[in-house]
Structures are given as structure tokens and as C-alpha cells.
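Okay, structure first, notes after.
The values are calculated or read from the model by the stated rules, or taken from the named source; none is laboratory data. Just so we're clear, the structure is a prediction, and the values are computed from it rather than from any experiment. All Cβ positions, even for glycine, are placed from backbone atoms using ideal geometry, and neighbour counts span all protein chains on display. Areas reflect the complete protein model, heavy atoms only, side chains present, ligands, DNA and RNA absent. Shrake-Rupley method; radii C 1.70, N 1.55, O 1.52, S 1.80 Å.
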Amino acid sequence: MKLHRYGTAIAILLSHVLLVAMAGDSWAANTGKIAGRVIDRETSEPLVGVNVVVDGTTAGAATDMGGNYTVLNLPPGVYSVRASIIGYGQVVQENVKVSINQTTPLNFALSQQLLEGETVVVQASRPVVQMDVSASQRIVTAEAIQSRPLDNFEEILSTEIGISLAASTEGSGLIVRGGQLNETDIVIDGLSTRNERTQQPMTNLSLTAIQEVEILTGGFNAEFGDIRSGLVNVITKEGNLDRYTISFDGKLRPPDRKHFGPSPFGIDGPFWQVYAGAEAFTGVTQDMVNSKAYPFTFIGWNEVARQFLADTDPRNDYTPQELLEIWKWQHRTREYANKPDYIGDLSIGGKVPFSNVAFLLSQRYENLQLVYPFSRNNSIASTTLLKLTKRLSPSLKLSLNNTYILVRGVDGSIYDDTVGMITGTREGTQYARDAHFWRYIWHDANFNPIETRQYRGGLALNHLLSGKTFYDLRLEFTDFRTRQEPIALRDTAGVKRIGDTWYDEGPFGYVGSALGGGITEKYDILGEFLMSGGGRGQDHSKYRGVSLSMDLVSQVNRHNEVKLGVKFEYTDFQERREINNGATTTPVSEAPWLWWYYNESPIKLAGYVQDKLEFEGMVANVGLRLDYYNTRTQAFNLDPAFIFANNPYTLDSYRANNGSFANLTTSEGSYKLYFSPRIGVSHPINTASKIFFNYGHFLQPPVVDQLFLVRPNATGRGADLPNVAAEWPRTIAYEAGLEQGIGTDFLIHLTGYYKDVSDQLSPQNIVSLDGENDITTYANNSYADIRGLELKLEKRFGDWWYGWTSLEYLTSSEGRTGYRYLYEDRQLANRQRETAAQIKQKGVPSVTANLSFRTPADFGPKVLGHKLLGDWRLNVLQNWSDGGESLLNPDAPLKEQIWVKVVDYANTDLMFEKRFALGANRFGLYMQVNNLFDNKGFPNPFNWNKYLDSLHFPHETGSQKGNDKLGEWDKPYIDLGWNTWSQFVNPREFYFGLRIEM
């Protein structure tokens, strides 16, 4: 596989190899513990002073007067635990599973020793219900990740109940329980992957490096901050000093289009069919269109030539044949979907030569074809992870973890600023379909390419002070850069002669210059397709950050585990974005209204205290979090009365103050201080069931544009201003649930939640009467109420099959607590009060099922030394969601709102695999099928209004009345239009893959 060159970032990663003395393996929030009681088997009396040791580690503890013990600070994994004391036979319990932030109960019963050296080995039994978890926590293992028929980490996460995916101009990523894209974080070995500009995490992770994933969708403890909906905590594998390991997973998708219908660029597409087909000279009539012979009408090249000759412009005087040849040259076929998708994921672990340092080096590389050709035909996602581990002493460890993520895609808009990126993933394909307007498809410079690079490095000291107390000290560094700019300039030399005119290589290439060159939109010979103009955005923003934190964990006594933590963060933002519709670029000093331009360095402090109280199975997690944030800027005077009376924010004022409005700030403080209480309780009903409840306040700061963007309007009479005095968006969350085990294999989860979301920031305009000073800012004037039920039934183990099915029901309402516009004109202000202030989304149920079937490894006869019928695996993933209802007229007053039903969504993916072993090495050959039944889903019609008008809804009258749902398309009277290449995307696709474990 061809790997990408990483330049400076790889040099940074490799330089860390020199720091081999700085390595370790765990973070305070990323470990679990084992706790239990040791008794005499005959008398049931507690045994004091029993040594309980975790084999293969230095971890262990001795039992107290009550026979109780606790072993802290264990990375997730499967262990053997040994209990021994003089006079009693040793007992070893194998297959003891430790998970992130969980207590694994493990009790021992020792018998008096009859024979010297007697050891009893037993298999540890796993609890049906994890009693010490008081929130919606799910653990996903490396085996579960391997088995699901999905392409990447975010798709795997989206199969979990309460999590969905989204991709749009607002960005792409995870939506947790009806929240927003920026309310969740993904953390790898303690390092956040969040883009601090947007607060959205990056989801491109190496799957072969993952040991275990903890997913929290509600009720997370006080140690977790700056998130309001969810946390994904990823623990990666570690290198082994005793042997080298290799994990590889590679798969390939043969070349094929990612949309239904023909290519719009081909001779069988609608444009060549009309403009270069059999009727091209004489024209396509409406009767031909009505008979379905052609998609749309055309007057024909004969008539076009006549009209051109009749006008006053001699430059367009061509014969019909010359016009056809010009059209063909300007609409040359664009090749796309002619290369395979391939994904490679490789992890190598072992001992760094000539040292006692273990390493894990992981690389994931995705090269995915885009659904349509843009400024590039493919997207790239590359993730490199380097993890070094070393134990300096039995109680002291150091760790160095590094992640470098590179993503290349395409901007989703020509004219507007956007956070979203078009990629070749399934969600990215949906986004591309929405952005792919037919008039722009031939000019390859219309959608700028984007590249983002993120490096995060962390150094951690883990010090075990005693058997009951340890601390983590962490230093982290972040470097993030993005680049968006037009593609290479067009060569304007003539290369094609038609008649007496030479034509350049257009419509390909960007038309402009490096600085100040004008942009002229030019269309084809018919004035329909954009031939030049190009994407108008440029983005060369970057930021760097450093943080220092400390966490202390202490098992104070048998019943109390206390965590304390503090964290300091400093980030230096250098924002450099421009949207310029008149030139390639214009300096910010000349046209500040075109730019998002600022240099700001906020600081953030956080602290928390958390107590995990455990009493005979009942657990209470009680915590308090403190967050302090200082923008280190001054608040602007946003009082409407002041603005209307003084017209202060003008371009002249901005320039007179050296490119700022610093003279219009107030003395209001720029810092925010918040306390967030968190509490969760888990109470056992019996040994196989529990109830739990949690409550908490969750806050996060506004995104940086809302805090720092200052610029005058293009009119010179107004400005875009931040509102640093705005409160942080807050979510108060409540959750209650029941877990019930059925036998030893089945488990039922039932959860209900409510999220009270307030102080959401949304745009607000202060509009003067005469337009002399119009201000755009942000205000805490919107809210949301989100309610949901989740039911999950899982079969956790099985020789032949296992899996789970889940049902989710979510409903929400949202609206404003204040006005979108603050008008000086009282008549406009009164009219605004009449519009709707609330939207109530109807409840939507959804079902997900994931079933795994397999034959035991020793099943069937042996042929040539192999069990050919053994270890065959089939994994089926089924998704279904009720379409719910959609509001047709969201701007109407509440009493006039019209809701219509939407078609349901369904999709089936599967993976079929044969695994086999050669000695200690394992191999797997598999086939993955996405969209097994080739469902087309929700359509993208050519003209949305015509499509709506063609549907027969229940609220309509007369012959138009019917029972259609929004999204229906397969009835003869429904008008989808002729954009057959963009009406439906993501058809059935096949991947073929190979796995290796050595």
C-alpha cells in the first residue's frame, strides 16, 4: 500500500523514540480495579494478610481484617489473579476481565493446604450485571469491532444505542441523544481528538490498535468536562517486551459508482443525450419529453446558431456544427469512480531494540473515491499512533502517546464558509449529493480541496504511592492546521481550435492569480454550466495548545474511592479564513469584512472531586466540577439603545482604531466560572439486576468564532461582534435505568432520559431603523428539551451465536427564549412576535440489531490438518428507523404549521468471514456487503417544490388529497426530475478483506 508522507509531523513522532525513558501505559480515567473478599472455604471466616497478585504485573494487595482487598490502576484487559497465604493452597482465577472505570468483583475461598505446592486453577465467572456503573456505559471490545460489517470507527460507534451520524455544512461526526456535533469528545489514551476551532472530535482512528472502548451517553462523572452529550474513551493496545506482534486489516472495494443512475458526464447521461444526441440540431420538443424519450427540452443547434447570428455580438457567430463541437469540448467526459476504495490498518508492537521500552506503532490509511468528481476525485484519511511504554520502577511509570491525523477532502460550498468536508464515506456521500448542483459539475475548481492536520502528544507520569493511592501527572501538546485554497491555475494557452477560435483547457483549472487577481464567472456556450469562477474560500488557520493536569486516585477505605483532579489549558488561535467573491484574495487590511481574522489566546482551568461510595453492591458516584475560562479580551457594548443612538460600529471607526473596535468595549469581565454537580446511584435488586439513576449539570464554552470574531460589515455601517459575556450552553441531564440478567447469557437494559438544554447560543441581529448600524452577534436565546427511552436485549456469550437488538424512542422540542432580531422599528418588532417560537419534533422509534453467527473452531472433520468447517462467521447488522414527521412551513405561526409523515429508513449490512490458525498466528478472509438489499432511501429531487407539489398529502383537498409520505418516489405521478445521477446514493457495495494476527 502506498502511504502518505507526513513531513514535519513524522519527524516529531520519530524524535520521540529518543525519549525511550519516558513511557508508561495508563491514565487515571482509563483504568479499572479488582476488589473482593478472601475467606476460609471450610469456616467461611475472613482470611487476613492473603496476598492477591495479578500475574504478569507488579499489581497486588493484601487482605485486611475483614478479608477484603482492592487492586487499583489496572489497564483494561484479561488477567489471571492469584491468592496465596502460608498454610493454604493457592487459588488462581483465570480469564478475569477488567474494563475501563469499572470494579471487577473477585472473591476467593481458600482451603487449608494438604499437599506442598498445591494450586487450584478456576475460570473466573463474569457478573451478569455490572453493579458499580450508575450511568449508560457500554464497553466495546476489539473482537466486537472486528466483527461488525462497517468501514470506520464512527460507523461502529453509530451502531450503539443513542448515537447517530451526521454530515453537513456544520461538520461531520457523532450525534448523541439528540445533541449537537460539538457536544461529544473522543479520547485516545487520554488525548482528545477534538478540533478546538469547532469542538468536534476527529473520528479517524486505527482499529487494529484498539484494546477497548468505553462509550458514555449520559451521566458521566465530574472528571469529564467541556462535553454535554457523550464521551468515547479509547484504550489502545500496548507493546510487549517478550515478543513482537502484528495486527493487520486490509480491504478493497472494486471500482464502482457510489450513486444510482448513469454518469452525468457520459454519452448516456441526460446532457449528452440532449445536446449531442440524435435531435441535437433540430431540437427536443415538449412532446418528446412527455413521452419520456428525453429529460428536458432544447431548441437545437440550428436555432441557437440563428439567434447568435441575429444578435449584435460577432464573437458568437458559429455554424451549428461548430457550436456542437464547442459544447463537446467544454463538456468533455470527467472520469470518476474508476479506481478502488482501499483501507489499510496495521499495528506493530514489541520491544524497542537495545532498550527495555515497549512500543506500539499503528497506521490507518483510507483512500476512498468520492461519489462525484470535484476538485479531487478521492478523500484521504490517515492516522498514525505511536505509543512508548516503560516501567522505571515497580511503582513508577512514564508514558508517551502520540497521534497524528491527516484528512483530505473537498469543501461543501462554493460561496459560503463551511465546517463540513466532503469525503468518500457513506455520510460524506450523502453530504456530497446535497452539495452537487448540476450547473457546477463540469468546472473542477468549484469546490476547493481541504486538508486538516492534527498532532497531539502527551507525556504522563503514573506513580503508585501505595497499594491504595496513585496519581497521574500529564503534559499535553496540540498542533492543528487546516488548508483550503483553490486548485492550480488554468493554462490559458489555446489547445483546441474550432472554426477560427482557439480554446484553452477549460473548464478545468482555476482562473485567477496568487494575489488580487479578479474572479470572473464564465459559462458555457449556452450559458448554463459554470466554466470558470472556482471556490471562493481560503483557510490557512491554525492553533497550538498546551495543557498540564494531575489526577489523584485513592481507595480511602473499603467503601470510598476518591478522585481529585486539576487541569490548566492554554491555546493560541490564529484564524485566517476568507470568503471572496470578487478576487482570488484581498488583504485583510483592505477588506476586513471578507475575513475571519483574529489572534487570541484564552486560558482554561478546571478542577473536580469525585467520590465513589460502594456499600454491599450499592454504588453512589458523587462529584463536583469547577470550570474557569478567560477569553483575555474585552466585551463590546451590545446595548441596542446605545447602538441605535450612536451608530458606533462603522468601517471608519474600525480603521481609525487600527483595525479594531477596542474603544467600544465595556468593563464587564471576560471570564466565566461555573460549578457543575454530578451524582449517580446504582442499587442492586438481586445478584442479577439493578436500578440506577444519575443527575448532572454539563457545560461547555462557546466555539471560538462566537467569542473572538470582530469585523466591520461590507457596507461600512455595522459589524459582526462576539458576545464574550454570553453564558455557557448548559445541559441538565436526568437518567434512570434498569438492568436485568436472564440466566447467565442474556441481559436487558432499559433506560429513560431527559435533557434540559438551555442558554444555547444562536445568531442575533440588532437592526437599526435606517440601516446605519446593523450588528450581528450571538445570544443565549434558544433551548431544547430532549426525552428518550432505550431498550436493549443482548446475548453476551454463545458458541454458535450471540448479539443484541435495541429499540430507541426519542422526541424533542426546541425554540427561542428571545428574539432573533432586535429591531429599532417597532412595527417590525411586533410582527416578529407573531411567528413561531417553538418546534416540537414528533417521537421517532428506531431499531438496531447486530447478530453474530459462527461455527466453533473445532467443528467438523479435519482435512489436511485443518477444520474446514470450523470458525466460519456471519455478522448481520440491521437498522430501521421510523421516518417521523417533517414540518413543511417552519416559519409559519404555530397554529398554521403543517406536519407530514416521512418514509421509514432501513438498511442491512453483513460480513462473512472464514478464520483459520497456523500455529500461534491467526488469519481471516472476509467479504463485507453494505446496503445488502440495494435500498435507495430518501430521494434528492431536481426541484424540491415541484416534488412537494406532486405528492398527495392527507392535509390537501380534492384530487390532490392522498396518503403520500415525504420521501416517496416510486409512483408514476411523483416528479423527481431528471437528475438521475444525484437522486439516490450509496447503492450496494462489496469489500473484500484480509486479517492477520501474529
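Which whole number in µm²/s is D for segment 137-247 by Stokes-Einstein, with the Kirkwood Rh taken over Cα pairs at 25 °C and 0.890 mPa s?
In µm²/s, the coefficient is 168.
Hey, what's the Kirkwood Rh for segment 213-294 if you take every pair of different alpha carbons, in angstrom?
About 20.0 Å, per the Kirkwood formula over Cα pairs.
Greater than 25 Å separation of Cα atoms is the criterion. Which listed pairs, 237/390; 914/936; 755/792; 397/604; 351/397, meet it?
Cα-Cα > 25 Å for 914/936; 397/604; rest within.
Of the heavy-atom accessible surface of segment 735-820 (probe 1.4 angstrom), what whole percent is carbon and sulfur?
Carbon and sulfur together cover 59 percent of it.
Which aspartates and glutamates, if any, have their Cα less than 13 Å from the Cα of residue 862, not counting same-chain residues under 8 positions apart?
871
Lys/Arg Cβ at +1, Asp/Glu Cβ at -1, dipole of segment 790-916 taken about the Cα centre: which of 886, 869, 841 is farthest positive-ward?
869
Treating only the Cβ atoms of Lys and Arg (+1) and Asp and Glu (-1) as charged, compute the dipole magnitude of segment 31-123 about its Cα centre; round to the nearest 20 debye.
Roughly 360 debye for segment 31-123.
Going by average Cβ density within 10 Å per residue, which order do the peptides 133-145, 820-832, 197-209, 607-619 take, highest to lowest?
197-209, 133-145, 607-619, 820-832
Can you give me the long-range amide H partners of residue 447? Hydrogens built in the peptide plane at 1.01 Å from N, cutoff under 5 Å, separation of 5 or more residues or another chain.
When sequence neighbours closer than 5 places are left aside, the close amide H contacts are 375, 535.
How big is the Kirkwood radius of the chain, worked out from every pair of different alpha carbons and given in Å to one decimal?
Taking every pair of different Cα atoms in the chain, averaging 1/r and inverting gives 31.7 Å.
Determine the dipole magnitude for segment 137-247: charges of +1 sit on the beta-carbon of Lys and Arg, -1 on that of Asp and Glu, nothing else is charged, the reference point is the Cα centre, and the result goes in debye to the nearest 20.
120 debye
Leaving out ligands and nucleic acids, and using a 1.4 Å probe, what accessible area per residue does segment 31-123 come to in Å²?
Dividing the accessible area of segment 31-123 by its residue count gives 45 Å².
For segment 31-123, what % of the accessible area comes from carbon and sulfur atoms, probe 1.4 Å?
So the carbon and sulfur contribution to the accessible surface is 53 percent.
With a 10 Å radius around each residue's Cβ, average the other Cβ atoms per peptide and rank 30-43, 491-504, highest first.
Descending packing order for the listed peptides: 30-43, 491-504.
Using only Cα atoms, tell me the angle between helix 320-330 and the longest principal axis of the chain; keep it within 0 to 90° and round to the nearest 10.
So the inclination is approximately 20 degrees.
How tilted is helix 301-310 with respect to the longest principal axis of the chain? Cα atoms for both, answer in degrees (0 to 90, nearest 10).
50 degrees
Over its Cα atoms, what ratio of radius of gyration to 2.2 N^0.38 Å does segment 31-123 give?
Relative to the 2.2 N^0.38 Å estimate, segment 31-123 comes out at 1.02.
Roughly what % of DSSP beta bridges within segment 31-123 run antiparallel, to the nearest 5?
65 percent
If each of residue 874 and residue 95 carries a label point 7 Å out from its Cα toward its Cβ, how far apart are those two points in nm?
Inter-label distance under the simple model: 2.6 nm.
So how strong a dipole does the chain carry about its Cα centre when Lys and Arg Cβ are +1 and Asp and Glu Cβ are -1, to the nearest 20 debye?
The calculation lands at about 1920 debye.
Would you work out which of 593, 715, 907 lies farthest towards the positive end of the dipole of the chain? Charges go on Cβ: Lys and Arg +1, Asp and Glu -1.
Checking the options against the dipole of the chain, the answer is 907.
I'd like the FRET efficiency for residue 862 and residue 333, computed as 1/(1 + (r/R0)^6) with the beta carbon distance as r and R0 of 51 Å, rounded to 0.05.
Efficiency computed from Cβ-Cβ geometry: 0.40.
Quick one: Cα centre-to-centre distance for segment 608-682 and segment 546-569, in angstrom?
25 Å
By its C-alpha gyration tensor, with a ≥ b ≥ c as the square roots of the eigenvalues, how is segment 906-996 shaped: rounded for a/c under 1.5, else prolate for a/b larger than b/c, else oblate?
prolate
Give me the accessible area per residue for segment 741-847, probe 1.4 Å, as a whole number in Å².
Result: 50 Å² per residue.
For every helix of n ≥ 4 consecutive DSSP H residues, a contribution of -39,500 (n - 2.57) applies; sum these over the chain, divide by its total residues, and give [θ] at 222 nm rounded to the nearest 500 deg cm²/dmol.
-2500 deg cm²/dmol
Sorted by packing (mean other beta-carbon atoms within 10 Å per residue), highest first, where do 451-457, 873-879 land?
Going from most to least packed, we get 451-457, 873-879.
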